[in-house]
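Peer 1: Questions regarding the structure given below will be posed in turn.
Readers should treat all values here as calculations from the given coordinates under stated rules, not as data from a laboratory. All values reported here derive from a predicted model rather than from experimental measurement. Methodologically, a virtual Cβ is constructed for each residue, glycine included, from the backbone with ideal geometry; neighbour enumeration extends over all protein chains shown.
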Amino acid sequence: MNNFKLKMIPDRTVKPRQSGINMVMDKGLSIREAEDLLSVSGDYIDIIKLGFGTAFVTPNLEEKIKLYQKNNVIVYFGGTLFEAFLVRNQFDEYLKVLEKFKLSHAEISDGSIELPHDIKLDYISKLSKYVTVLSEVGSKDVEKIIPPYQWIELMQTEIQAGAWKVIAEAREAGNVGVYRSNGEVREGLVQEILTKLPSEKIIWEAPQKAQQTYFIKLVGANVNLGNIAPNDVIPSETLRIGLRSDTFNFFLGKGTKYTTVKKK
């Protein structure tokens with residue numbers, strides 16, 4: 001949605017999108033807050049992740065899920081909840097929960113548990129028979145550094161196993177995985193990954209403005225971004241189209257000049 005015309009605004013994909021996706025983190029919004037969020041940002045939100053294990057303790061969960069779905073937003077539980085079921089040997093119960101809440105998507109991750117990769121691939125394959133699967137790659141442990149070749153191998157095999165998208169781990173703070181502890185992008189890692197995987201298959205968790213800016217400049221306006229805070233959906237959209245100082249000149253043609261206003 002644009003309220004007026006401006007030249008040299010990059011084209012944005014429209015829902016349902018395969019690229020240019022915004023995945024937004026809901027860490028416990030009330031129904032009223034969710035309604036307010038959708039009223040302003042619904043056109044720009046593709047996916048809502050009910051962060052980590054918040055779905056277990058969120059009141060009025062079914063009502064909120066239906067609200068998002070009614071507004072053409074994919075909603076799913078955070079991967080940590082999948083891990084919580086799995087580590088308790090309750091995978092079948094997890095499937096029943098997905099069915100109960102009529103969820104069309106689910107996330108498989110291993111950021112908090114030790115899960116052999118071949119077993120993870122089996123779960124991706126099995127779960128993809130019921131729902132659309134997003135798989136998360138990377139550890140939540142800041143001390144665990146995965147080399148680039150392994151990131152690539154993990155992502156490629158998880159896509160082959162049936163994942164619709166792979167999510168590059170960063171946590172909600174943006175200080176692990178593809179980032180250093182201070183939030184700085186591991187640029188060599190990211191660029192090496194992109195030599196082997198198509199950008200539309202990856203959702204880069206990027207909760208910080210500087211991280212969002214980096215990926216927009218690297219991939220373009222229609223890069224997939226995740227872990228966007230609810231209050232940052234509109235600001236991140238302006239980053240995508242060059243209407244914020246961080247990307248203001250990025251989409252302008254060379255030699256673009258402002259018009260001099262003549263005095264009467």
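Peer 1: Given a cut-off of under 8 Å on Cα pairs at least six residues apart, what relative contact order in percent is computed for region 22-247?
Peer 2: Relative CO of region 22-247 lands at 18 percent.
Peer 1: Which percent, nearest 5, of DSSP beta bridges in region 22-247 are antiparallel?
Peer 2: That works out to approximately 5 percent antiparallel.
Peer 1: Take the eigenvalues of the Cα gyration tensor for region 165-228, scale each by 5, and report the square roots as semi-axes in whole Å, largest first.
Peer 2: Values for region 165-228, descending: 16, 12, 11 Å.
Peer 1: Rounded to the nearest 0.05, what FRET efficiency do Thr195 and Leu252 have when you use their Cβ-Cβ distance and R0 = 25 Å?
Peer 2: Computed FRET efficiency for Thr195 and Leu252 comes out at 0.35.
Peer 1: Would you mind checking the pairs Lys27/Lys102; Lys70/Lys96; Lys5/Lys64; Lys66/Lys120; Lys27/Lys100 and listing those with alpha carbons more than 25 angstrom apart?
Peer 2: Values: Lys27/Lys102 20 Å; Lys70/Lys96 22 Å; Lys5/Lys64 35 Å; Lys66/Lys120 29 Å; Lys27/Lys100 21 Å.
The answer is Lys5/Lys64; Lys66/Lys120.
Peer 1: Can I ask one more? Based on the Kirkwood radius over alpha-carbon pairs, what is the Stokes-Einstein translational diffusion coefficient of region 1-154 at 20 °C with 1.002 mPa s viscosity, in µm²/s?
Peer 2: It diffuses with D of about 125 µm²/s by this estimate.
Peer 1: Let me ask something else about it. Would you look at the GNM of the chain, springs on alpha carbons closer than 10 Å, and say which of Lys165, Lys49, Lys209 moves the most?
Peer 2: Result: Lys209 has the largest fluctuation of those listed.
Peer 1: May I ask you to sort Trp204, Trp151 by Cβ crowding, counting other Cβ atoms within 10 Å and putting the fewest first?
Peer 2: Trp151, Trp204
Peer 1: Over the chain, with a Gaussian network built from C-alpha contacts below 10 Å, which listed residue (Arg180, Arg244, Arg88) shows the highest mean-square fluctuation?
Peer 2: Largest GNM mean-square fluctuation: Arg88.
Peer 1: Which whole-number percent of Cα pairs in region 1-45 have a distance greater than 16 Å?
Peer 2: Numbers: 510 of 990 pairs.
Pairs farther apart than 16 Å: 52 percent.
Peer 1: Can you match Kirkwood radius over Cα pairs in Å to one of these, [x] 18.7; [y] 20.3; [z] 19.3, based on a calculation from the structure here?
Peer 2: [z]
Peer 1: I need Phe251, Phe4 ordered by Cβ neighbour count within 10 Å, fewest first.
Peer 2: Values: Phe251 18, Phe4 4.
Ascending Cβ contact count within 10 Å gives the list Phe4, Phe251.
Peer 1: Counting helices only, and only those DSSP H runs with n ≥ 4, report the 222 nm mean residue ellipticity of the chain as the sum of -39,500 (n - 2.57) divided by its residues, in deg cm²/dmol to the nearest 500.
Peer 2: -10500 deg cm²/dmol
Peer 1: Can you put Ser125, Ser109, Ser104 in order, fewest other beta carbons within 10 Å first?
Peer 2: Ascending Cβ contact count within 10 Å gives the list Ser104, Ser125, Ser109.
Peer 1: Here is a further query. Relative contact order for region 37-88 using alpha-carbon pairs under 8 Å, separation at least 6, rounded to a whole percent?
Peer 2: It rounds to 47 percent for region 37-88.
Peer 1: Taking only Cα atoms and a 10 Å spring cutoff, compute GNM fluctuations for the chain and point out the largest among Ile234, Ile119, Ile45.
Peer 2: In the Gaussian network model the winner is Ile119.
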